[in-house]
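Any read-out appearing in this document is the output of simple, stated calculations on the displayed coordinates, not a laboratory observation. Since this is a predicted model, take the numbers as computed values, not measurements. Quick reminder, even Gly has a Cβ in these numbers, built from the backbone with ideal geometry, and neighbours come from all protein chains shown.
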Amino acid sequence: MTLRYRSTRGQAPSLDFEGVLLAGLAKDGGLYLPEALPAFSAAELSAMRGMSYTELATTVISPFVEGSIDRDTLSQLVEASYRDFRHQAVAPLLQLDHDQWLLELFHGPTLAFKDFALQLLGRLLDHVLTRRGEKVVIMGATSGDTGSAAIEGCRHCEHVDIFILYPDGRVSDVQRRQMTTVPGGNIHNLAIRGNFDDCQALVKASFVADAFLPEGRSLVAVNSINWARIMAQIVYYFYAAFALGGPDRPVNFSVPTGNFGDIYAGYLAHRMGLPINNLVIATNRNDVLHRMLTTGTYARQPIEASLSPSMDISISSNFERLLFDLYDGNATQVAQLMNDFSRGQIQLAEGVLGKAQALFTSARVSDEETCDEIRYMWQRTGQLMDPHTAIGTRAARLCSRAGEGPMVTLSTAHPAKFPAAVAKAETDQIPQLPAHLADLFDREERFDTLDNDIAAIHAFMAEKCL
Ligand SMILES: *Cc1c(COP(=O)(O)O)cnc(C)c1O
């Protein structure tokens, strides 16, 4: 049976998997999610223990794409997506303490967990667009990691022109070079004279008014509102849990969180049948979710720059998907809440907050504590952590509860991606880039610098589309 997807706000047409893959936001401003979430029985879960990463990925993802992509094809796309990861296990687990573990998600081509989703997304797009004989335009805003992961994931797609907007001068040198040194006539890096919010606003406005595109083209979103990205990330929660005794023993996860995409995937794994006791929302000083979970008030505050830039957000888009469940799938109520939120702040009803608190805990970690944590882990385990991961391990210790079972922190980036933050922690060791990126600083860069002017950007894009 083909799975259909509906909007959290209830006013957009339902779509099949191919539809949500090629869509961005739903037409009513909501986000797509499955009409009925696939779930695994206890026997099915037990049968999944011991599977390789790619076997498991095929098994977990296949119910989501049924009717669009057959299992053999999916299996090939999955194999190709994870073949070039630099660790045979794809997502290896490392022990930090008696019951504290690290899930290394940085062995993909761009050294951040976003490769897990975007390597697959690029191949899914290529497959579907080849069959349909169509071309699309990818447009995305990045504060660093999404841009390079999207470019690496889609660079070989013949049916895709890709435009990444980043704030000029506000991404790290490693992050910028990972985007601007990738060759290819279909890849365009746009350094925007503005900040990340400006870039995001330009992308959102372009999705609403896409008439500037050449005839027959449409825009595809590559940020985590795209359902296919969330779907790919569900897999590693199962993988880690099975390695630690699941499904017979519950496991807990601490997730460095920004847009709520990664941890929402963990929530879905739980709803699909995986026993999880505690999901820790680890935030930096941009703590909109920590405030929400402790007070019930969801209120935007201005972004402040931190040592963990990939978590510098003022709102978490995917939180709307959780709200939909917390309000028992009442799309009218979700639409009302999001409308109220756009004009200020919202207060969660008491019972609703209690439901969220039954599964989620949270902690906020400052820059100073992040440096302390990097040093602490270096001294106690000999591991260098990137600042995002360090926020996760700190929050994991703060939120662990006795008798709940193992706690797994998602290591979202390789420390060499953020050498300045690691140096600040005074660990007396500077993380080295892996061999495939060793000459990153010798490669030629390619980008265009543009004003924060939507008409000029649209004219530029229309001219560059192949
Ligand atoms: C994107 C990112 C995050 C935040 O993930 P969300 O899905 O936005 O919550 C955390 N750490 C790193 C290194 C990232 O690149």
Exercise. Return, ordered by residue number, the residues of the stretch 13-54 whose backbone nitrogen is under 14 Å from a label point located 7 Å along Cα→Cβ of Asp328.
Key: none
Quiz prompt | Simple label model, 7 Å out from Cα along Cβ direction - Thr295 to Asp442, nm | solution = 5.3
Quiz item: What do the square roots of 5 times the Cα gyration tensor eigenvalues come to for the stretch 1-95, in whole Å, largest first, as semi-axes of the equivalent ellipsoid?
Solution: 29, 16, 14
Self-check item: Sites Ala36 and Asp99, calculated FRET efficiency, Cβ-Cβ separation with R0 22 Å, nearest 0.05
Solution: 0.05
Quiz item: Expressed as a whole number of Å, what is the distance separating the alpha-carbon centroids of the stretch 117-181 and the stretch 350-382?
Solution: 31
Quiz item: Using alpha carbon coordinates only, what is the Rg to Rh ratio of the stretch 193-242, with Rh defined as the Kirkwood radius?
Solution: 1.18
Quiz item: Cα-based Rg (one decimal) and Dmax (whole number) for the stretch 328-466, in Å?
Solution: 22.2, 60
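Counting only Cα atoms, I'd like the Rg/Rh figure for the stretch 265-354, Kirkwood definition for Rh.
Numbers: Rg = 13.8 Å, Rh = 14.3 Å.
That ratio equals 0.97.
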Quiz item: Got a sec? Charge dipole of the chain, +1 on Cβ for Lys and Arg, -1 for Asp and Glu; which of Leu105, Pro167, Ser317 is way out at the positive end?
Solution: Ser317
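Can you give the local net charge around Ala456? Use residues other than it whose beta-carbon is closer than 12 angstrom to its beta-carbon, Lys and Arg +1, Asp and Glu -1. Can you show the working numbers first?
Details: positive: Arg193; negative: Asp448, Asp451, Asp453, Glu463.
Once positives and negatives cancel, what remains is -3.
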Quiz item: Given the chain, what percent of its DSSP beta bridges are antiparallel, to the nearest 5?
Solution: 25
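Among Ser68, Ser308, Ser62, Ser224, which comes first, second and so on when ranked by fewest other beta-carbon atoms within 10 Å? Walk me through the intermediate numbers first.
On the way: Ser68 20, Ser308 28, Ser62 16, Ser224 23.
Ordered by Cβ neighbours within 10 Å, fewest first: Ser62, Ser68, Ser224, Ser308.
In the stretch 338-404, what trypsin sites (Lys or Arg not before Pro) fall in a loop by DSSP, with at most 15 other Cβ atoms inside 10 Å? Spell out each step's value before the answer.
Details: sites: Arg343, Lys355, Arg364, Arg375, Arg380, Arg394, Arg397, Arg401; in loops: Arg343, Arg401.
Sparse-neighbourhood loop trypsin sites (Lys or Arg not before Pro): Arg343, Arg401.
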Practice problem: Report the percentage of all Cα-Cα pairs in the stretch 303-366 whose separation exceeds 15 Å, rounded to a whole percent. | Solution: 61
Practice problem: Describe numerically, in nm with one decimal, the distance between label points set 7 Å from Cα along Cα→Cβ at Glu215 and at Glu158. | Solution: 2.2
Quiz item: Using 0.36 nm per residue, how much length does the chain from Ile430 to Asp372 gain when fully extended, once their Cα-Cα distance is taken away?
Solution: 19.3 nm
Self-check item: Loop-located GluC sites (Glu not before Pro) in the stretch 296-386, at most 15 other Cβ atoms within 10 Å (DSSP)
Solution: Glu304
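Compute and list, largest first, the equivalent-ellipsoid semi-axes of the stretch 38-182 from the alpha carbon gyration tensor, each √(5λ) rounded to a whole angstrom. It would help to have the intermediate numbers written out before the result.
Working: eigenvalues 157, 110, 27 Å².
They are 28, 23, 12 Å, listed from largest to smallest.
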Quiz item: Which of the GluC sites (Glu not before Pro) found in the stretch 424-466 are loop residues per DSSP with 15 or fewer other Cβ atoms within 10 Å of their Cβ?
Solution: Glu426, Glu444, Glu445
Exercise. Mind grabbing the base-10 log of I(q)/I(0) for the stretch 388-466 at q = 0.21, 0.25, 0.27 Å⁻¹? Debye formula, identical points on the C-alpha positions, no solvent, two decimal places.
Key: -0.99, -1.15, -1.24
Quiz item: How many nm separate the modelled label positions at Thr381 and Lys27, each set 7 Å beyond the Cα in the direction of the Cβ?
Solution: 4.8
Quiz item: Per-residue ellipticity at 222 nm for the chain, helices alone: DSSP H runs ≥ 4 residues times -39500 (n - 2.57), over residue total, nearest 500 deg cm²/dmol?
Solution: -13000 deg cm²/dmol
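Using the reciprocal of the averaged 1/r over all distinct C-alpha pairs, how large is the Kirkwood radius of the chain in Å?
Numbers: mean 1/r = 0.0448 Å⁻¹.
This gives a value of 22.3 Å.
For Leu359 and Arg271, calculate 0.36 nm times their separation in residues minus their Cα-Cα distance, and state this gained length in nm to one decimal.
Working: separation 88, 0.36 × 88 = 31.68 nm, distance 1.10 nm.
Taking Leu359 through Arg271 to full extension adds about 30.6 nm, to one decimal.
Quick one: of the DSSP bridges fully inside the stretch 1-130, what percent are antiparallel, nearest 5?
Details: 8 of 8 bridges.
Given both bridge residues lie in the stretch 1-130, the antiparallel proportion sits at roughly 100 percent.
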Exercise. Rank Ser342, Gly382, Tyr82 by how far each Cα sits towards the positive end of the charge dipole of the chain (+1 on Lys, Arg Cβ; -1 on Asp, Glu Cβ) and give me just the farthest.
Key: Ser342
Quiz item: Going 7 Å from the Cα of Arg249 toward and past its Cβ, which residues in the stretch 387-429 have a backbone nitrogen under 16 Å from where you end up?
Solution: 401-409
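Once R0 is set to 45 Å, what does the formula 1/(1 + (r/R0)^6) return for the Cβ-Cβ distance between Arg49 and Leu466, expressed as a FRET efficiency to the nearest 0.05?
0.45
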Practice problem: Compute the length gained on full extension between Asp453 and Arg193: take 0.36 nm times their separation in residues and subtract their Cα-Cα distance, giving the result in nm to one decimal. | Solution: 92.7 nm
